[in-house]
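A.B. asks: So that we are looking at the same thing, I have put the structure below in structure tokens.
The values are calculated or read from the model by the stated rules, or taken from the named source; none is laboratory data. Everything quoted here is computed from the prediction, not taken from an experiment. Here the Cβ is made from the backbone with ideal geometry for all residues, glycine too, and neighbour counts use every protein chain on show. Heads up: the accessible areas ignore ligands, DNA and RNA and are worked out on the full protein's heavy atoms, side chains in. Shrake-Rupley method; radii C 1.70, N 1.55, O 1.52, S 1.80 Å.
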Amino acid sequence: MKIEKIILNIVLSILNGLTFFIHPKQNRITFISMTADHLTGDFYQIDQALKKEGCYDIHYDLFQIHKTIKGYFLYFINLCHQLIQMKQSKLIILNDNNYIVSQFKPKETKVLQIWHACGAIKKFGNQIERSYPIQGYDAVLCSAPYWKEVYAQAFGVNSSQVYVTGLPRIDELLDPQRQKTQKEMLYAKYPMIKEKKCILYAPTFRGNMVKGFQVASFDMGKVLDALGDEYCILYKFHPLLPDIQINHLRAIDCHDEDLYALMHVSDVLISDYSSVILDYSLLNKPMIAYIDDVEEYDQTIGFNLDYRKEFLGPVCLNERELIDALKEVYIHSDISRFQQKYIIHKDGQNTKRVIEKIHELMRG
């Protein structure tokens, strides 16, 4: 264990002991995130629904880590703040794994893990080597029965603690008015894409928090030049990756744009082991996998499904295969079966089901 982590654990243990007198307020809910400093996605949908009901005292601890000396100092301060917030709250809602919950969660506090994806194509959490074991969750939400055992392994819970509610963000994805508004906003900002065949490129990262994050990508300029002027690529890399700029007029950096808005204007998705393929499948649009490191990835990380068999489209191992696949895109005939297996709720009621689960946890 590094000296920094030893010092951190000592400080947090002392703070935990000194605040023994703090107990949860029975009406208090706190959202905790380490990936964004504002409410997004599921957090935003849940927060809005809870506010409409007006039943609870809602608090927020939203923080984004920056890899600077100041950033790490603020991260340390934030962990101390999280510890206090956790002790004060009846329910903590997370969208990522959390060190404080796993190491210092009091018995009186309950924890709901929303997670930030509709599934887990690649192994994660306790399924892989990590610096600390994930534990302390009382309930975890997922998108289909298929994920119950996967999430139980990854989050250190029993499968009976994993609930198939669907995720609130899917209600937003499938809202026709929201789709129309988002498309109009993007077309207004990027008018040139309206006349193009739009390729959305949204891959996941490689690496981890300890060893650093990397991207495995293809040469966008080479692909666009081979396809012709009628194509453009809207690229959005994972938030954990640094800002990546591609020097090509028809490769558009969309790292600040809403992913679902990009899905709506796109004609085809290129991804890899990212769970965005689950969300995208609900739009009944074609998708292509670009995975030139699949053998290595399978041996080092591993998958929670048979990737090559289950993926809804061509699986490309090099740029030549990718260019050929983009020239003949198609909607896979198994898309309905895929949805029924991996992401079952598309009735617009996911948020309602999640709120009901929150009420249940608050009553318990």
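A.B. asks: Any chance you could look up the accessible area of Arg169 with a 1.4 Å probe, heavy atoms only, rounded to 10 Å²?
C.D. replies: Its accessible surface works out to 30 Å², give or take rounding.
A.B. asks: Quick one: which residues, 5+ away or cross-chain, put their amide H under 5 Å from the amide H of Tyr273? H built at 1.01 Å from N.
C.D. replies: Thr204
A.B. asks: Also: Do any of Lys122/Lys236; Lys196/Lys327; Lys5/Lys110; Lys309/Lys341; Lys180/Lys285; Lys123/Lys148 go past 23 Å between their Cα atoms, and which?
C.D. replies: Lys5/Lys110
A.B. asks: Among Ile335, Ile84, Pro24, pick out the residue whose Cα is farthest towards the positive end of the charge dipole of the chain, where Lys and Arg carry +1 and Asp and Glu carry -1 on C-beta, about the Cα centre.
C.D. replies: Positive-most Cα among the choices belongs to Pro24.
A.B. asks: Suppose each label sits 7 Å from its Cα in the direction of the beta carbon; what would the Arg130-His23 distance come out to in nanometres?
C.D. replies: The answer from the label model is 3.1 nm.
A.B. asks: Sort out for me the Cα centre separation of the range 1-79 from the range 141-161, rounded to whole Å.
C.D. replies: If you average the Cα positions of each part, the centres end up 24 Å apart.
A.B. asks: Also, quick follow-up: Would you work out which of His264, Leu317, Ser131 lies farthest towards the positive end of the dipole of the chain, given +1 charges on the beta-carbon of Lys and Arg and -1 on that of Asp and Glu, about the Cα centre?
C.D. replies: After comparing all options, I get Ser131.
A.B. asks: Stretch Gln349-Met185 to full length: gain in nm at 0.36 nm per residue minus the Cα-Cα span?
C.D. replies: 56.5 nm
A.B. asks: OK, next. Which helices, counted as full DSSP H runs in the chain, have an axial Cα extent of no less than 15 Å and a Kyte-Doolittle average of -0.5 or above?
C.D. replies: 3-18, 69-88
A.B. asks: Calculate the dipole size of the chain relative to its Cα centre from +1 charges on Lys and Arg beta carbons and -1 charges on Asp and Glu beta carbons; express the result in debye to the nearest 20.
C.D. replies: The dipole of the chain has a size of about 1260 debye.
A.B. asks: Right, here's the next one. Taking only protein heavy atoms into account and a 1.4 Å probe, give the accessible area per residue of the chain in Å².
C.D. replies: That works out to 47 Å² per residue.
A.B. asks: Under a 5 Å amide H to amide H cut-off, with H placed in plane at 1.01 Å, what residues pair with Leu167 once short-range neighbours are removed?
C.D. replies: When sequence neighbours closer than 5 places are left aside, there are no close amide H contacts.
A.B. asks: If you don't mind, another one. Cα-based count: Lys pairs in the range 40-100 below 30 Å, eight or more positions apart or different chains?
C.D. replies: Counting lysine pairs in the range 40-100 gives 6.
A.B. asks: What FRET efficiency would be calculated for the residue pair Asn284, Ser13, taking the C-beta separation as r and a Förster radius of 56 Å, to the nearest 0.05?
C.D. replies: Once the sixth-power term is evaluated, E becomes 0.60.
A.B. asks: Rounded to a whole number, what is D in µm²/s for the chain from Stokes-Einstein with the Kirkwood radius over alpha-carbon pairs (10 °C, 1.306 mPa s)?
C.D. replies: Translational D for this selection: 73 µm²/s.
A.B. asks: Still on this model: At 222 nm, what value in deg cm²/dmol follows for the chain if DSSP H runs of at least 4 each add -39500 (n - 2.57) and the sum is divided by all its residues, to the nearest 500?
C.D. replies: Helix-only estimate at 222 nm: -12000 deg cm²/dmol.
A.B. asks: Express as a percent, rounded to the nearest 5, the fraction of DSSP beta bridges in the range 1-159 (both residues included) that run antiparallel.
C.D. replies: In the range 1-159, approximately 5 percent of DSSP beta bridges are antiparallel ones.
A.B. asks: Counting only residues 5 or more places away or on other chains, whose amide H sits under 5 Å from the amide H of Phe31 once H atoms are built in the peptide plane?
C.D. replies: His59, Tyr60, Asp61, Ile93
A.B. asks: Once the whole set of protein chains is in place, how much accessible area is left on Met192, using a 1.4 Å probe, in Å² to the nearest 10?
C.D. replies: 70 Å²
A.B. asks: Determine the percent antiparallel among the DSSP beta bridges restricted to the chain, to the nearest 5.
C.D. replies: Here the share of antiparallel DSSP bridges comes out near 10 percent.
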